[in-house]
Amino acid sequence: MSAPLAPDFSLPATAGQTVTLSALRGRKVVIYFYPKDNTPGCTNETRDFGALHAEFAAADCAVFGISRDSLKSHENFKAKLELPFELVSDPEEQACEAFGVMKLKNMYGKQVRGIERSTFLIDAAGAIAREWRGVKVPGHAEEVLAAARAL
């Protein structure tokens, strides 16, 4: 039995691009969902993926970060961190809902709906090969890289 196909989406990304998941078939893809640009955990996670970008590319694996932030926010975040990959804007939560990453979280004693930090490794056939939910940032990008190389 094969793994389920990743839900398709087509969303705007930095550098004037549109990222359509199904158009990336034939290569491995990492998509990581993160709560918000310019927050400490998200900055560290994004920086870690950026630092390993050449190694992901060598493993024939594209990397994209997705959050609900605007394209303008993403462009600033990408420039600030000098990222070698694109950030995808999902303000309508299209991909967030499809991948089931929206969760109720407690923030300062209030229930708020937000993105649970999650990463998906999609194989060249477009199936979800591995998923990480409730991600802790330290060492995460390295773990995802090891899984991508093993595919």
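The values are calculated or read from the model by the stated rules, or taken from the named source; none is laboratory data. Because the structure is a prediction, the values reported are computed rather than measured. For neighbour counting, all protein chains shown are included, and Cβ atoms are generated from backbone atoms with ideal geometry for every residue, glycine included. What goes into the accessible areas is simple: the full protein's heavy atoms, side chains included, and nothing from ligands, DNA or RNA. Shrake-Rupley method; radii C 1.70, N 1.55, O 1.52, S 1.80 Å.
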What are the pairs, 6+ residues apart or on separate chains, where a residue within region 34-60 that is touching a residue at least 24 places away in the same chain (Cβ under 8 Å) and among the aliphatic types (A, V, I, L, M) has its Cβ under 8 Å from a residue that is in a helix (DSSP H, G or I) and open to solvent by 30 Å² or more (accessible area, probe 1.4 Å)?
Leu52/Glu142; Ala59/Arg149
Of the numbered conditions (1) surrounded by 13 or more Cβ atoms within 10 Å (Cβ to Cβ); (2) out of contact with any strand residue (DSSP E or B) (no Cβ under 9 Å at 6 or more places or on another chain), Ala58 fails exactly one; give the number of that condition.
(1)
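Per-residue answers, yes or no, for (1) among the hydrophobic types (A, V, I, L, M, F, W, C); (2) closer than 14 Å to Leu11 by Cβ:
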site	(1), (2)
Pro35	no, no
Gly41	no, no
Phe49	yes, no
Gly65	no, yes
Arg68	no, yes
Ala79	yes, no
Met102	yes, no
Asn106	no, no
Of the numbered conditions (1) exposed (fewer than 14 other Cβ atoms within 10 Å of the Cβ); (2) touching a strand residue (DSSP E or B) at 6+ places or on another chain (Cβ under 9 Å); (3) within 22 Å of Val112 (Cα to Cα), Ser22 satisfies every one except a single condition; which is it?
(3)
Would a scan of region 41-60 turn up a residue that is among the charged types (D, E, K, R), in a helix (DSSP H, G or I), over 15 Å from the mean Cα position of the chain (by Cα) and within 24 Å of Ala127 (Cα to Cα)?
yes
Inside region 25-36, can you point out the residues that are touching a Lys or Arg at 6+ places or on another chain (Cβ under 9 Å) and open to solvent by 10 Å² or more (accessible area, probe 1.4 Å)?
Pro35, Lys36
How many residues are of a type in the set (A, V, I, L, M), assigned to a strand (DSSP E or B) and open to solvent by 50 Å² or more (accessible area, probe 1.4 Å) when one looks only at region 72-111?
2
What do you reckon, is Leu71 out of contact with any Asp or Glu (no Cβ under 7 Å at 6 or more places or on another chain), of a type in the set (A, V, I, L, M, F, W, C) and modelled with pLDDT of 95 or more?
yes
Scanning for something basic (Lys, Arg), in contact with a Pro (Cβ under 8 Å, 6 or more places away or on another chain) and modelled with pLDDT of 95 or more, does region 61-68 turn up at least one residue?
yes
Flagged in region 113-136 as touching a Lys or Arg at 6+ places or on another chain (Cβ under 9 Å) and under 19 Å from Ala62 (Cα atoms), in numbering order, are Arg117, Ser118, Thr119, Phe120, Leu121, Ile122, Asp123, Ala124, Ala125, Gly126, Ala129, Trp132
Among the residues of region 2-14, is any open to solvent by 80 Å² or more (accessible area, probe 1.4 Å), under 21 Å from Val144 (Cα atoms) and hydroxyl-bearing (Ser, Thr, Tyr)?
yes
Could you tell me whether Glu45 is closer than 19 Å to Asp8 by Cβ and open to solvent by less than 50 Å² (accessible area, probe 1.4 Å)?
no
